[in-house]
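The values are calculated or read from the model by the stated rules, or taken from the named source; none is laboratory data. This is a predicted model, so every value here is computed, not measured. Here the Cβ positions follow ideal geometry from the backbone for every residue, glycine too, while neighbour counts run over all protein chains shown.
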Amino acid sequence: PVDRSPNIQEARLKLPILAEEQIIMEAIKHNPVVVVCGETGSGKTTQVPQFLYEAGYASGNGIIGITEPRRVAAISMSQRVATEMNLSHRIVSYQIRYEGNATEDTQIKFMTDGVLLKEVQRDFLLTKYKVVIIDEAHERSVYTDILIGLLSRIVPLREKKGQPMKLIIMSATLRVEDFTANKRLFPTPPPVVQVDARQFPVIVHFNKRTPLDDYAGETFRKVSKIHRMLPPGGILVFLTGQAEVHSMCRRLRRAFPYRPNSSVKEAVAAADDSVEAIKKFKKAKHKSNLPRINLDNYSAMPVDEGDEDREAGIDDEDGVGSDLDLDLGDDDSEEVTKFDPSIPLYVLPLYSLLAAEKQAKVFRSPPNGTRLCVVATNVAETSLTIPNIKYVVECGKVKKRFYDKVTGVSSFKITWISQASANQRAGRAGRTEPGHCYRLYSSAVFADFEKFSAAEITRRPVDDLVLQMKDLNIEKVINFPFPTSPSPESLIAAEELLISLGALEEPPKHGRFKELERAKLTCPITSLGRAMASFPVAPRYAKMLALSKQHDCMPYAIIIVSAMTVRELFEQLDRPAVSDEETEKLKRKKARISQMKWIWAGQGPSLKLGDVMVMLGAVGANEYAGCTTRFCTENGLRHKAMIEIRRLRGQLTNVVNAVFPEASLFVDPKMKPPTETQVMYLRQIVMAGLGDHIARKIQSEELLDGKWRNAYKTPLIDEPVFIHPNSVLFKHLPEFVVYQEIVESSKMYMKGLTSIESEWIP
Ligand code: ADP
Ligand code: MG
């Protein structure tokens, strides 16, 4: 029996899902797989685990597991459910990569989807679990998709073994045909239980004009206006990333300061972020000089949990109309944005990496006499429901991960959201009463949005996934029951790359072409492949790391992999100058950068490591100098890139220590440059990862045409390619090089070069 406090009990009874408890539990009792659909905020995540617990699914020999695509949801939901049930976090726990509070006694475990996937690797039948709930399935994150595919096989296997398990797929939208109508996935379509939404009408206001890029400014003006002119009610603002969220919070706090001098308690609750940040920084500094890193955030991860790049694929329609009184128009008069201490605004940030105690603040009522304003990234779209929001202000943008076709390296870009996403955001305004959504773009722009965002798996290269699946001993990846399959071409490309990296066994060379192609998709994993699968970076970088255990090369390889993942260490100075003064400045900066590159690349043997040596030198020097803005500015380094590299370096160091405990690596801010021998090894290590990116200098006797002067030939491209003028090898023209990427401008240019020896080429 669960002993809930009266006010929790009361709040629960208001949730739409409570009315469906019996129907849901009956469906689960009679079916191995059940899909539960319900609008965000209906109570799926917090209540379904409790239903199961009360029905006895966690008693005896098995526990309830719930996966979330985002870390923030795993942590905050486990805490909420523990509170609601009056149980300790030893019983209701969470696990995210390298962090968690699960114990022997845990009966309800929230975790990221990546964590459960790793558990499948250790125990394919997931015998520990009586029930697995896949939450937020509508987000279609790659791990979630793969888990559903795996579980579709695990559930019948458990049945056969006489230890049946239940699978519950939960979605915030009704768009679940990819799970229910996919016969390969579930031959018997699972029943769908629909929780009635309790949604109030939301009036959508479009801007007449769409701001070109200053959507932050536009957001600020709109929030200011709402706060000055419209009736009470919380405001939820959608922006794209953590930095943007913070800067908006600062701006709003400056304009509408809230000074909690009335009570000490409130003052503590509202303690300014910056004060806390300074305190934390001081504490951290006191403890050690090493950079503090977040162990759970890899921008180089094959598929990562909890970044700001999740998008939803949703299809609910909210009322779109206009309401003259509340239509604030989109003029940008400064008048409304002036400093005004008379109407305090209680501003709170919300994003994935925000500390849990700060996240929890958004669920509490704002101090008396203030209006709540939550400035959030996409996490507020479906993962977390913030109470009492009446106004939504949304810029129509989202930060998404994009993949470089040539290198497979990923980067974040800000793009328009889908119509489904926009409607989901608007819906956040109608949870407790009728509300308003202000879209900072025109209806014409909205009409051009794509309807839904595609499942992540169709938008990215899949070499990392194929490697993970092979590590799970799924040899015929092409037969895997994906909810949405990646294209056969991308599977073949992935398999080919993995074979060339030595992660998969070579297919037999005989047979007709077609057979060969099919054979390619069934190649088993090698022991090198298994080692590579343990690193959270793209396979080519994992290979570099796996090889660099030798000759103490690992600390260097970690920097190289971090720097290659971040890319563009130096400031981009190819912009047109607006004044003579600026022209001079740019010229000086360019000269400085090329001078530093020469210094960092060094002479003789070390220069042969080329641009990779520059990466090592730049990171080394920057860390030695303390990674200050000043050092970066003076030397033309992008400070943001250097911080990102520092973060990744810390993370990878931890992973390597976890994979090879005997390595006992640490992040050394005063690292010595590699020795001559090590440089030789590092060149080979880099080549091992970029083995399909070899280029050979055209010899004079081969010069048929002037366009091949100083050009290189690569196996992949028929056109001549050239060394980029920014490369330190530009004037050297070594006979053989490997490159990180090719960019096309006036010519095809190779970047990120290392020279290699002809005898190394197989
Ligand atoms: P769903 O999963 O269907 O989107 P949830 O179970 O996450 O719904 O949320 C149900 C309700 O619980 C919402 O009204 C939400 O505001 C509330 N809630 C969730 N977490 C907390 C929390 N930490 N504190 C207070 N209320 C919360
Ligand atoms: Mg939920």
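Which residue, of 679, 728, 737, 686, is assigned to a strand (DSSP E or B) and of a type in the set (Val, Ile, Thr)?
Matching residue, one of 679, 728, 737, 686: 737.
So, in the stretch 718-762, exactly how many residues are modelled with pLDDT under 95, aliphatic (A, V, I, L, M), within 32 Å of the chain's Cα centre (by Cα) and under 23 Å from residue 681 (Cβ atoms)?
Selection size over the stretch 718-762: 1.
Looking at the stretch 195-211, can you tell me whether even one residue there is more than 16 Å from ligand 2 (Cβ to nearest atom) and free of Cβ contacts under 8 Å to residues at least 40 places away in the same chain?
So far as the stretch 195-211 goes, no, none of its residues is more than 16 Å from ligand 2 (Cβ to nearest atom) and free of Cβ contacts under 8 Å to residues at least 40 places away in the same chain.
Answer with yes or no whether residue 633 is at pLDDT 90 or above and in contact with an Asp or Glu (Cβ under 9 Å, 6 or more places away or on another chain).
Yes, satisfied.
Does residue 156 satisfy being more than 16 Å from ligand 1 (Cβ to nearest atom) and either touching a Cys at 6+ places or on another chain (Cβ under 9 Å) or farther than 19 Å from residue 473 by Cα (or both)?
no
Between a first residue in the stretch 469-482 that is farther than 11 Å from residue 498 by Cβ and a second residue that is acidic (Asp, Glu), which pairs have beta carbons less than 7 Å apart while being 6 or more apart in sequence or on different chains?
Going by the 7 Å Cβ cut-off, the qualifying pairs are 482/145.
Is there any pair linking a residue in the stretch 217-228 that is assigned to a helix (DSSP H, G or I) to one that is acidic (Asp, Glu), with Cβ under 6 Å and at least six apart or on different chains, and which?
221/332
For the stretch 83-97, does any single residue satisfy the condition of being within 12 Å of ligand 1 (Cβ to nearest atom), surrounded by fewer than 23 Cβ atoms within 10 Å (Cβ to Cβ) and part of a helix (DSSP H, G or I)?
Yes: the stretch 83-97 contains one or more residues that are within 12 Å of ligand 1 (Cβ to nearest atom), surrounded by fewer than 23 Cβ atoms within 10 Å (Cβ to Cβ) and part of a helix (DSSP H, G or I).
Need at least 2 residues that are surrounded by fewer than 16 Cβ atoms within 10 Å (Cβ to Cβ), out of contact with any Phe, Trp or Tyr (no Cβ under 9 Å at 6 or more places or on another chain) and among the acidic types (Asp, Glu) per element, so show me which helices (runs of 4 or more DSSP H) inside the stretch 551-611 make the cut, counting only ones lying wholly within it.
Passing ranges, in order: 580-601.
Would you point out the residue of the stretch 66-82, among those that are in contact with a helix residue (DSSP H, G or I) (Cβ under 7 Å, 6 or more places away or on another chain) and of a type in the set (D, E, K, R), that is farthest from ligand 1 (Cβ to nearest atom)?
Here the residue is 70.
Looking at residue 438 and the list (1) at pLDDT below 90; (2) not in a helix (DSSP H, G or I); (3) not aliphatic (A, V, I, L, M), which single condition is not satisfied?
The number of the failed condition is (1).
Kindly indicate whether any position in the stretch 426-438 is among the small types (Gly, Ala, Ser), within 16 Å of ligand 2 (Cβ to nearest atom), buried (at least 22 other Cβ atoms within 10 Å of the Cβ) and at negative phi.
Within the stretch 426-438 (the criterion being among the small types (Gly, Ala, Ser), within 16 Å of ligand 2 (Cβ to nearest atom), buried (at least 22 other Cβ atoms within 10 Å of the Cβ) and at negative phi), the answer is yes, since at least one residue qualifies.
Scanning the stretch 389-415 for residues that are surrounded by fewer than 18 Cβ atoms within 10 Å (Cβ to Cβ) and either within 16 Å of ligand 2 (Cβ to nearest atom) or not hydroxyl-bearing (Ser, Thr, Tyr) (or both), which turns out modelled with the highest pLDDT?
Of everything passing the filter in the stretch 389-415, 414 is modelled with the highest pLDDT.
Output the number of residues of the stretch 31-65 satisfying the condition of being under 13 Å from residue 193 (Cα atoms) and away from ligand 1 (no atom under 12 Å from the Cβ).
So the answer is 4.
Which of the residues spanning the stretch 81-130 are away from ligand 2 (no atom under 16 Å from the Cβ), among the hydrophobic types (A, V, I, L, M, F, W, C) and closer than 19 Å to residue 148 by Cβ?
115, 116, 117, 120, 124, 125, 126
Within the stretch 473-485, how many residues are farther than 14 Å from residue 142 by Cβ, among the hydrophobic types (A, V, I, L, M, F, W, C) and in a loop (DSSP other than H, G, I, E, B)?
Qualifying residue count for the region: 1.
Of all residues in the stretch 39-56, which are on the phi < 0 side of the Ramachandran plot, modelled with pLDDT under 95 and near ligand 2 (Cβ under 9 Å from one of its atoms)?
Of everything in the stretch 39-56, those that are on the phi < 0 side of the Ramachandran plot, modelled with pLDDT under 95 and near ligand 2 (Cβ under 9 Å from one of its atoms) turn out to be 40, 42.
Going by what's in this entry, would residue 538 be described as at pLDDT 90 or above and in contact with a Ser or Thr (Cβ under 9 Å, 6 or more places away or on another chain)?
Taking the combined requirement at face value, the residue does not satisfy it.
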